[in-house]
């Protein structure tokens, strides 16, 4: 296993704060029916939250020094979900366009995390991964995870659980690779790119279905769970239906759909001051999406190691990532770290720490430097 550690490597990758021109790329949005079969569920050993008091009390209980672990029963789920997806290609197709980047967003976002624009600056692609990747000739497939409209808004306690989301990502990939999504040409290669929770799922895919991916990029992720209680405490498990009732009405979003309080809490979890535009923070808060209790409760129910995956891996961390690094990622990606050893069967594991960014890497002023790291890695590994 080769380990390349590029910590704060080059001032050229810090990125300029000037506007980044928008390339010409074509996108098609659609709904795809994604089946899952006999996926294990965790039957929660307590009733749904009755109100905000109960939700906040549970956040307190899971972050105390000695949390209790209740016994649970298991069941299974076989169903088909509607998944909202978007396929983007460069305006002029070339040899790289048959390589598909499957983009999986994290908690609190929808797929626009990968193609983020300010409303009054729609020609400034400073925060768009899709713009940079299609500009280099690649294609992308981004999707809204379960519970993120217009994907299926399933039960946030019983069904929007980690194994179900992982099965959905695997099934979506299998459909794309087999040519069973009419809007997506059969790709020659597939690279899975995740952010945060999307990285958790992409690692799980490499563990359970290594044959369906040719490359893994995990952003906003370290494999270290010690600091995730900071995120839980920062959200206090605010009920989405009370926090933003116009966007998340209670009839559609039960007490299992959670969020954080306001843009200050958003900044605390995702941003690194002063390396962001306040307008970006405001837009990120205005367009946030809930996460679910089921996701948290089942977070450890999928593999965290992928020893049978043989392809290349890139860890791309934000220097000041709160959730996965306690706001300091330096030193967490060495050759002997659990993070890197999760892929001990891989041909190559590379790590890079992007300076001056927090957990929400794409929302910082030098995000394009991070995108160029991905492109350099992909080129060197023939992807």
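The values are calculated or read from the model by the stated rules, or taken from the named source; none is laboratory data. Everything quoted here is computed from the prediction, not taken from an experiment. Here the Cβ positions follow ideal geometry from the backbone for every residue, glycine too, while neighbour counts run over all protein chains shown.
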Candidate set: the range 245-266, residues that are touching a strand residue (DSSP E or B) at 6+ places or on another chain (Cβ under 8 Å) and in contact (Cβ under 8 Å) with a residue 40 or more places away in the chain; chosen: the one farthest from residue 53 (Cα to Cα): 248
Any idea which of (1) surrounded by fewer than 23 Cβ atoms within 10 Å (Cβ to Cβ); (2) out of contact with any helix residue (DSSP H, G or I) (no Cβ under 6 Å at 6 or more places or on another chain); (3) under 18 Å from residue 359 (Cβ atoms) is the one residue 246 doesn't satisfy? (3)
Keeping to the range 82-98, report how many residues are surrounded by fewer than 22 Cβ atoms within 10 Å (Cβ to Cβ) and either out of contact with any helix residue (DSSP H, G or I) (no Cβ under 7 Å at 6 or more places or on another chain) or within 21 Å of residue 296 (Cα to Cα) (or both). 11
Determine, yes or no, whether residue 237 is buried (at least 16 other Cβ atoms within 10 Å of the Cβ), touching a residue at least 12 places away in the same chain (Cβ under 8 Å), within 30 Å of residue 205 (Cα to Cα) and under 18 Å from the mean Cα position of the chain (by Cα). no
Restricting to the range 100-114, what's the tally of residues that are surrounded by 22 or more Cβ atoms within 10 Å (Cβ to Cβ) and outside any loop (DSSP other than H, G, I, E, B)? 8
When every residue in the range 2-43 that is at positive phi and at pLDDT below 90 is compared, the one surrounded by the fewest Cβ atoms within 10 Å (Cβ to Cβ) is 8
Tally the residues that are outside any helix (DSSP H, G or I), more than 26 Å from residue 382 (Cβ to Cβ) and out of contact with any helix residue (DSSP H, G or I) (no Cβ under 6 Å at 6 or more places or on another chain), restricting the search to the range 190-223. 1
Verdict on residue 132 being at pLDDT 95 or above, out of contact with any strand residue (DSSP E or B) (no Cβ under 7 Å at 6 or more places or on another chain) and buried (at least 17 other Cβ atoms within 10 Å of the Cβ): yes
